[in-house]
Each structure stands twice: as C-alpha cells, then as structure tokens.
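In what follows, a single structure is set out as structure tokens and then discussed.
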Amino acid sequence: MNSEPTIFSRIINREIPADIVFEDDKVLAFRDIHPAAPVHILIIPKEPIDQISHMKAENAPLLGHMVWVATQVAEKESLNNGYRLVMNNGNEGGQSVYHIHLHLLGGRQMAWPPG
Ligand code: AMP
C-alpha cells in the first residue's frame, strides 16, 4: 500500500539532509537522527510502503534486498561482534514514521526482551 509522503520521502528526494551511507536504485540507508546505539542506521525502500503489515507478496524481494543491504552496511561499519535488525509495525509496535524502515543497531551489547 502506498502512503502519504513522509519525512523519509523528503530524504529520498534530497529535500532535507541526511547522513546517507548507502544508496542504490531500490533503497537508501542513512544514520538515525536520534541514535539508540553507537551505530544506528535506517534502511528504507525508495518505494513508499507505509507499514510492514501492508506489504504484498510482490514486495518480498525488496524486503530481502533491504536485509541484504543491512548486512553489507553492518560489515562496512565493522559490526563484527553482532548487531540487531528491527522493524517496528504500527502503534503498538512503536512505529513513528509510516514509510517502512529497517533499523540496523550495533556497537553495544543488546538486551532482550526489548522495551
Ligand atoms: P520508528 O519509530 O520505528 O518508526 O523509527 C523511526 C526512526 O526515524 C526513529 O528512530 C527516528 O529517530 C528516525 N528519524 C526521524 N526523522 C529522521 C530524520 N530526519 N533523519 C534520520 N532519522 C530520522
């Protein structure tokens, strides 16, 4: 499902600045403005899907590509001891920006369960 333009569409369109660490024709990765870990990068699709529960079967390769990009960015960021990939979905999932994004968090010991 396509969404209303969000702040992430404005980052894709270079209307507002971001610290971009990776880009290809399908995805963009940039540093989170309020990092929750020493490394906190968001991987987003250029196609605006509002939340992961609205993805379609045809979006599965795009989601797989986002995970692949996350692994490559993690390697570039030297997260050799591990990291966490997170997607928050909807209100109770803690989602605040309705353009899907994969959080890459690393550089410290993660706790479980998350809050
Ligand atoms: P979520 O709560 O899962 O929807 O995550 C949204 C994330 O986007 C949060 O971690 C915010 O800190 C981050 N964020 C919001 N605006 C910006 C921005 N302009 N540049 C970078 N990160 C942002």
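Just so it is clear, none of the values below were taken in a lab; they were calculated from the coordinates. Remember, predicted model here, so these are calculated numbers, not experimental data. Every residue, glycine as well, gets a Cβ built from its backbone with ideal geometry; the counts of neighbours run over all protein chains shown.
Taking each residue of region 92-107 that is on the phi > 0 side of the Ramachandran plot and looking for partners that are near the ligand (Cβ under 6 Å from one of its atoms) with beta-carbon atoms closer than 7 Å, six or more apart or interchain, yields GLY94/ASN88. The condition of being surrounded by 14 or more Cβ atoms within 10 Å (Cβ to Cβ), closer than 20 Å to THR6 by Cα, within 16 Å of the ligand (Cβ to nearest atom) and more than 12 Å from the chain's Cα centre (by Cα) does not hold for MET66. Reported count of residues in region 38-85, each being closer than 20 Å to ILE11 by Cβ and touching a Lys or Arg at 6+ places or on another chain (Cβ under 9 Å), is 12. Within region 57-80, the only residue that satisfies the criterion of being free of Cβ contacts under 8 Å to residues at least 24 places away in the same chain, assigned to a loop (DSSP other than H, G, I, E, B) and on the phi < 0 side of the Ramachandran plot is ASN80. Condition check: touching a residue at least 24 places away in the same chain (Cβ under 8 Å) and not acidic (Asp, Glu). Does ALA37 satisfy that? The answer is yes for ALA37.
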